1. Which ³J(HN,Hα) values, rounded to whole Hz and listed in residue order, are derived for the stretch 99-116 from phi using the Karplus coefficients 6.51, -1.76 and 1.60 in 6.51 cos²θ - 1.76 cosθ + 1.60 with θ = phi - 60°, glycine and proline given as x?
2. Run the simple label-point estimate for Lys146 and Asp28 please: 7 Å along Cα→C-beta, distance reported in nm.
3. Just to verify a number: FRET efficiency for Arg44 and Ile116, C-beta to C-beta distance, R0 = 30 Å, to 0.05?
4. Work out, step by step, the length gained on full extension between Thr6 and Lys53: first 0.36 nm times the residue separation, then minus their alpha carbon distance; give nm to one decimal.
5. Output the pairs from Lys3/Lys47; Lys3/Lys31; Lys3/Lys146 with a Cα-Cα distance over 26 Å in this structure; if there are none, say none.
6. Calculate, for Ser93 and Asn18, the FRET efficiency according to 1/(1 + (r/R0)^6) with r their C-beta to C-beta distance and R0 25 Å; round to the nearest 0.05.
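Where a number appears in this text, it was derived from the coordinates with a stated rule and is not lab data. Just so you know, these numbers come straight off a predicted model, no measurement behind them. Note that we place each Cβ from the backbone using ideal geometry, even for glycine, and neighbour counts take in every protein chain shown.
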Amino acid sequence: MNKRQTRLTAIANILLNNIVGSQEELLDYLKKQGYSVTQATLSRDLKTLRTSKVASELGGYRYVIGQGLPSDKDVERSVDKVSRVAIESVTLSGQLIIIRTRNGYAGGVAYDVDDINSPYLLGTIAGADTVFVAVSQDAPRSELFKALSTIIPEQILRERSSGF
């Protein structure tokens, strides 16, 4: 893995595990981990990671990671964690699956759900911390469970498997 890919992985991990509201803050985190980058390089890295600034639960703003990142395996592994880290709970109610996320991550999780190739998942609506997933009327619970297992944390799936 080259230096840039290692740095992208570090940035992804920092943004997944911390509330970072500015590039200066992110540069400080990177510096503590031994990375020395310019603001211009950091801006390009944030663009590559498709980050967005969203309102944080503490009143300011924070960076969140988007989807569709570079195909390098190590960066993909970090990005695969986005939905798994962002999702806090999943509830099935009638023809809806309600997915609660960390603030600012619902759009990315909705994208992941929409990206699942299943005839039983009809579409999503995302807010700041909630995703509503429309489910076809004839959807077998086992198929829903199987389809969502690619993005929902294993612990939540275990807790919800009896409810699916």
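1. Each residue of the stretch 99-116 in turn: 10, 8, 10, 5, 4, x, 9, 4, x, x, 5, 4, 4, 4, 5, 4, 7, 6 Hz.
2. Once both label points are built, they end up 4.9 nm from each other.
3. 0.50
4. Numbers: separation 47, 0.36 × 47 = 16.92 nm, distance 2.25 nm.
Between Thr6 and Lys53, full extension yields 14.7 nm more.
5. On the way: Lys3/Lys47 17 Å; Lys3/Lys31 14 Å; Lys3/Lys146 36 Å.
Beyond 26 Å between Cα atoms: Lys3/Lys146.
6. Result of the calculation: an efficiency of 0.15.
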